[in-house]
Amino acid sequence: MLYGIILDSARDFIILSYGLNIWRRVVHDLKLPSDTFDLFTHYSENIILHISDCLADILHEGTRDTYLEYFGQDFFRYFNNFGYHKLFRIAARNFRDFLFVIDQLHDSNRFTFPQMRSPLFHVTEEDDTGITLEYKSVRQGFTHYAIGSLLGAAKTLFKETNLRLYIRNDLSTSDYTHIVLWIQFDNRTYQSQNLRNSSCLPNITGLTFFKVFPFSIVMDSSINIRYMGGNIKKVFPTTTIIIGRPLNEVFRLIRPDIHVEWDKILSYGQHIVFLMENRLPLRSGPSGRIRLKGQMKYIKNKNMLWFLCHPVLGSADDMVSAGLHLTDLNLFDGTSELLVTRMHQTREMENIVEKEKLCAAQLEYVRTQFLQYRKQNQNLLCTIMPKHIASMIQSGIPTFSLCESYPLVTIMFVSIMDLKISTAYLKPTQIIEILDQTINVFDDITEKYDVLKVKTKSDPSYMFAAGLHERSNISPRDFGLLMSFALPINDEEKTEKNLLGLNSTEIIAYLSFELLRANKDLINPMTRKPFGIKIGFHTGAAIGGIIGDQNLQYCLFGDSVTIARQIMTAGETDRIHISQTAYRNLVTNNRFAIEYRGQSDIKDRNMSGTYWLTGINKNSSTTGINTTKKLLRCPYSGSLL
């Protein structure tokens with residue numbers, strides 16, 4: 001498992017480097033439950049690997065290891081936001097010293113991240129040209145994240161720009177990762193720091209020695225225990241023989257991950273923190289446990305190793321398990337003070353955790369509400385503009401870049417003839433009721449078709465358009481790029497409406513019949529009869545685009561809009577009037593019954609042949625829903641036949 005703070009650092013890097021829309025694409029493609037991560041929650045460690053793979057697919061460059069290394073390099077910049085820069089600044093004077101204290105930095109966060117499985121970094125060799133560093137981890141696939149972290153530390157903390165890092169050897173197994181790294185940099189200031197070359201201690205008596213350091217163990221060159229501090233002795237039963245036994249029989253070495261051998265321990269030097277845990281049962285019982293952490297010191301005149309340590313205690317339960325009391329702890333190392341302070345803070349921390357859980361629940365509720373409102377907003381936009389345009393606007397793409405040209409769209413105008421006159425004699429409440437009923441009926445019908453109601457005019461007329469998704473004046477490459485940054489449309493928003501593969505004119509034709517039928521249910525309260533309705537449509541080229549900054553409107557421009565309106569005006573009540581180009585698009589598949597009207601006077605177009613759309617051919621294999629029961633509730637028919 002991986003703490004959420006690592007995943008959030010990767011998220012922060014993606015947003016900072018590639019933009020918020022790329023991160024949204026990653027969240028969508030991987031179906032992540034949220035676009036943020038809780039810093040102290042455990043997540044699957046595979047998530048960051050999948051994020052790296054997904055990023056490589058979206059950007060079409062690099063590999064998983066490329067982005068893992070990027071995430072590692074950005075690690076220190078991200079952590080500086082949480083005040084860790086102070087800890088990093090005091091960790092070491094230079095990059096060389098930093099490599100020796102990485103494990104100590106990990107260990108210093110054991111209370112903040114108690115279940116962290118940190119890797120092991122161990123310097124095995126060095127000279128004035130660089131350092132050999134071994135990286136070990138129980139995780140698989142994170143080598144390049146570790147490499148990126150080392151490069152990021154060198155550059156961010158110590159301004160090391162002339163650094164090179166190579167994988168010298170891969171000793172990994174199926175159980176853990178073990179990589180030998182060669183880090184090349186200017187290391188001329190180094191001094192050999194193995195235990196034999198460390199400073200020697202003055203001659204003191206054993207009584208004084210163990211009185212000053214009650215938590216200490218002295219071992220000979222065979223790693224047998226020769227002396228032990230009194231406070232460690234007392235945690236074991238009095239009948240347990242410890243002196244003279246091999247260290248590995250009494251304690252289990254947890255860190256570093258090496259065999260308990262004289263040469264191995266000496267080679268690790270004085271910068272490595274050793275952590276060990278009892279193997280033998282304690283006086284407190286079979287479940288008792290004590291962990292000792294400290295440094296190894298070489299006693300030259302005795303040729304012995306001295307493990308100067310202290311018990312690792314995080315709570316009162318740890319003291320009970322180890323069989324220790326406050327009076328057993330060293331007064332000079334602050335362990336007792338920290339322990340008591342931590343006990344006082346435990347309850348406060350529990351209250352904070354409870355508040356955090358409450359806030360997390362509230363945050364999830366707010367997020368759910370936000371997603372609902374966002375969906376409503378997107379649905380609202382989709383009622384006034386094409387869905388792909390709405391998606392790109394919500395993704396932050398400037399509206400001025402979304403102008404499109406359509407070589408072949410069908411535009412229809414529908415006008416309710418008696419509505420405007422009737423409103424002069426009706427009460428305001430009656431007017432609102434009629435308008436609401438009319439709009440709802442038309443909208444319910446339009447929702448079943450692959451059309452867009454572009455604009456509702458101030459007079460009682462409606463404008464519909466079909467074919468807006470078929471062509472864009474943006475090049476295929478640029479259009480694909482724009483759509484790659486657009487927010488994805490939900491699956492239910494992708495419902496296929498054009499099941500029969502109709503062209504735009506056929507879609508409008510079926511819609512016109514259904515509107516004509518539905519109008520019979522819209523009763524004029526003045527005459528007690530259905531409102532008269534005029535319908536006309538034309539097929540041709542048009543240009544569509546967004547106008548306005550605050551009040552966005554999607555508008556269609558061009559001669560086709562003007563002609564369609566004139567076709568409607570020149571028509572007759574309760575009849576469907578169509579232009580010459582619309583006629584040519586309809587006769588191809590012979591789905592409709594059409595009559596030639598004759599020459600009509602279209603303004604600025606002289607005389608032009610127009611037609612009446614009179615019905616749907618019953619012998620057509622795809623004449624609509626109700627022509628055959630096989631198509632069930634396909635949107636492109638009504639109950640006309």
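The values are calculated or read from the model by the stated rules, or taken from the named source; none is laboratory data. Everything numeric in this text was worked out from a predicted model, so none of it was measured. Quick reminder, even Gly has a Cβ in these numbers, built from the backbone with ideal geometry, and neighbours come from all protein chains shown. Note: accessible area is taken over every heavy atom of the protein model, side chains too, but ligands, DNA and RNA are not part of it. Shrake-Rupley method; radii C 1.70, N 1.55, O 1.52, S 1.80 Å.
Structural remarks
- Calculated accessible area for the stretch 206-333 comes out at 49 Å² per residue, all protein chains present (probe 1.4 Å; ligands, DNA, RNA ignored).
- Among the protein heavy atoms of the stretch 2-189, carbon and sulfur supply 49% of the accessible surface, probe 1.4 Å, non-protein parts ignored.
- Under a 5 Å amide H cut-off, with hydrogens placed 1.01 Å from N, Ile602 pairs with Ser608 among residues at least 5 apart or on other chains.
- Gain in span if fully extended, Arg188 to Asn162, counting 0.36 nm per residue against the direct Cα distance: 8.0 nm
- Accessible area (Å², per residue) of the stretch 90-131, counting only protein heavy atoms and a probe of 1.4 Å: 48
- Rg/Rh ratio calculated on Cα atoms of the stretch 1-149 (Kirkwood radius): 0.98
- Equivalent ellipsoid semi-axes - Cα gyration tensor, the stretch 206-333, angstrom: 22, 16, 15
- Note on Asn303 and Lys155: the model spin-label points, each 7 Å out from Cα along the C-beta direction, lie 5.0 nm apart.
- Taking a straight Cα-Cα cut-off under 16 Å and skipping sequence neighbours fewer than 8 places away in the same chain, the aspartates and glutamates within cross-link reach of Lys233 are Glu249, Glu277, Asp328.
- Between the alpha-carbon centres of the stretch 147-168 and the stretch 360-407 there is a gap of 43 Å.
- Each label point was placed 7 Å from the Cα along the Cα-to-Cβ direction; for Asp29 and Asn589 their separation is 3.6 nm.
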